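Notes for the one structure printed next.
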Amino acid sequence: MTKKALVSGITGQDGSYLAELLLSKGYEVYGIIRRSSSFNTKRIEHIYHDPKLKLEYGDLTDATRLRELVLDIKPDEVYNLGAQSHVRVSFDEPVYTVDTVAMGCLNLLEAIRRLDNKPRFYQASSSEMYGLVQETPQKETTPFHPRSPYSCAKVFAFWQTVNYRESYDLFGCNGILFNHESPRRGETFVTRKITRAAGRIKMGLQDKLYLGNLDAKRDWGFAGDYVEARWLMLQQDKPDDYVVATGETHSVREFLDEVFGCLDLDWHKYVEIDPRYFRPAEVDLLLGDSTKARKVLNWEPKTTFKALAKMMTEADLELAKDEAVLKAHR
């Protein structure tokens with residue numbers, strides 16, 4: 001019998017990679033998309049016409065619609081990846097961020113808890129929950145100290161998932177994913193902002209790149225590797241929470257070195273610091289201990305930091321080349 005999965009955030013970076021994985025495993029994949037006057041399906045264009053992919057209008061803030069979708073589809077698995085996921089933006093739009101991240105998770109949990117055959121539930125938790133870190137590396141038992149509206153909302157969603165697991169016998173898992181990047185990452189996130197700008201600078205389309213804290217250190221992995229861990233969590237005999245990370249930390253400066261080095265450029269000539277990009281409360285260091293995921297799920301990251309930077313740089317250089325051709329023909 002064909003399994004059915006319901007995915008919020010399917011048009012995002014993580015949702016697109018997860019949809020690919022699930023389709024490759026024979027699932028029927030139902031993706032929740034928000035109604036918009038413009039199409040926001042670029043990341044799933046290559047699978048858009050797969051007959052097993054079905055897109056449904058909905059919004060994490062609309063509890064009634066979520067309940068309708070769950071009742072109609074009767075999914076075997078639900079993956080909650082949807083969110084206002086930009087940390088810096090969450091300081092500017094805290095209420096909207098909490099509505100989508102915290103209440104969105106609760107709305108989905110409420111939608112599925114009354115079903116006789118409850119679907120297995122995955123909550124996309126975040127390393128940002130550790131914030132002002134209490135120990136390094138961070139693992140499943142490390143206390144949270146969130147430092148943004150986004151991470152506060154993620155902590156709420158994490159504990160609601162645990163609460164529903166313990167209160168309603170619901171198979172709910174939290175994947176505490178550390179930073180995961182790819183050529184599909186949004187262009188406002190620092191890694192993609194860097195690779196996009198580097199490609200444009202190389203092609204003479206851009207002169208400067210403005211950034212904030214270059215000393216922030218993150219545990220960066222490849223988003224395409226991390227979706228497998230999500231799926232594996234819902235295939236276990238018992239629900240649990242897992243850190244998913246590479247176990248290496250690198251600064252923004254190091255990422256700049258890798259990216260601009262790939263293009264034989266000296267980033268010091270092009271990068272300037274802009275105070276607008278500093279957070280009101282900074283998270284200085286994130287480093288994950290994924291021992292549990294490696295042992296229990298038999299999962300491990302396949303893409304190195306250098307390979308990730310190279311992959312993203314090469315993809316964005318091709319975009320910049322296309323831009324240059326278009327500009328030349330105008």
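Values in this text are rule-based calculations from the coordinates and carry no lab data. Quick caveat, the model's predicted, so the values are computed rather than measured. For neighbour counting, all protein chains shown are included, and Cβ atoms are generated from backbone atoms with ideal geometry for every residue, glycine included.
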### Length gained when the stretch ASP257-ARG276 is fully extended (0.36 nm per residue, less Cα-Cα span)
4.6 nm
### Query
Past the 18 Å Cα-Cα mark, which pairs from LYS52/LYS74; LYS4/LYS292; LYS193/LYS310; LYS217/LYS306; LYS4/LYS118?
LYS4/LYS292
### Message
Please compute the volume of the convex hull spanned by the alpha-carbon atoms of segment 106-148 and report it per residue in Å³.
### Response
94 Å³
### Summary
When all Cα-Cα pair distances of segment 111-180 are considered, the percent exceeding 14 Å is 60 percent
### Summary
Rounded to the nearest 10, the angle in degrees between the Cα long axis of helix 223-233 and the longest principal axis of the Cα atoms of the chain comes to 20 degrees
### Query
Considering only LEU256, SER290, GLN84, whose Cα is most displaced toward the positive end of the charge dipole of the chain, charges sitting on Cβ of Lys, Arg (+1) and Asp, Glu (-1)?
GLN84
#### Entry: Whole-Hz couplings from phi, Karplus 6.51/-1.76/1.60, listed for segment 260-273; x for Gly and Pro
5, x, 4, 9, 6, 10, 9, 5, 4, 7, 10, 8, 10, 8
### Message
Running a GNM on the chain with Cα contacts under 10 Å, which residue among ASN174, ASN107, ASN117 ends up with the highest mean-square fluctuation?
### Response
ASN117
### Query
Extent of segment 83-241 along each principal axis, from alpha carbon coordinates, in Å, largest to smallest?
60, 31, 28
### Query
Based only on Cα atoms, what Rg/Rh ratio does segment 179-241 have, Rh being taken as Kirkwood's radius?
1.16
### P(r) of the chain over all Cα-Cα pairs, binned every 20 Å from zero, in whole percent
31, 59, 10, 0
#### Entry: Value of relative contact order over the chain, rounded to a whole percent, pairs C-alpha under 8 Å and six or more apart
17 percent
### Query
What dipole magnitude, in Debye to the nearest 20, does segment 27-183 give about its Cα centre under +1 on Lys/Arg Cβ and -1 on Asp/Glu Cβ?
60 debye
### Query
Mean 1/r over all different Cα pairs, inverted: what Kirkwood radius does segment 247-311 give, in Å?
14.6 Å
### Task
Could you tell me what percent of the DSSP beta bridges with both partners in the chain are antiparallel, to the nearest 5?
5 percent
### Message
Running a GNM on the chain with Cα contacts under 10 Å, which residue among THR195, THR97, THR41 ends up with the highest mean-square fluctuation?
### Response
THR41
### Message
Per-residue counts of other Cβ atoms within 10 Å, averaged by peptide: what ranking do you get for 50-57, 226-233, highest first?
### Response
226-233, 50-57
### Message
Residue by residue through segment 47-55, what is 3J(HN,Hα) from phi via Karplus (6.51 cos²θ - 1.76 cosθ + 1.60, θ = phi - 60°)? Round to whole Hz and write x for glycine and proline.
### Response
10, 4, 9, 5, x, 8, 9, 10, 9
### Task
Along Cα→Cβ, 7 Å out, is where each label goes; now give me the distance between the ones at SER167 and LYS3 in nm to one decimal.
2.8 nm
#### Entry: Area projected by the alpha carbon convex hull of segment 167-312, averaged over all directions, nm²
10.1 nm²
### Task
Sticking to Cα atoms, compute the Rg of segment 15-55 to one decimal and its Dmax as the biggest Cα-Cα distance, whole number, in Å.
10.1, 33
### Query
Okay, which of segment 255-285 sit inside 13 Å, backbone N to the point 7 Å along the Cα-Cβ direction of LYS208?
269-276
### Task
For the chain, find the longest principal axis of its Cα atoms and tell me its angle to the long axis of helix 13-24, 0 to 90°, nearest 10.
60 degrees
### Summary
Under the 7 Å Cα-to-Cβ spin-label approximation, ARG34 and THR136 lie apart by a distance in nanometres of 3.5 nm
### Query
Across 10 Å bins from 0, what is the distribution of all Cα-Cα pair distances for segment 1-82, in whole percents?
19, 57, 23, 1
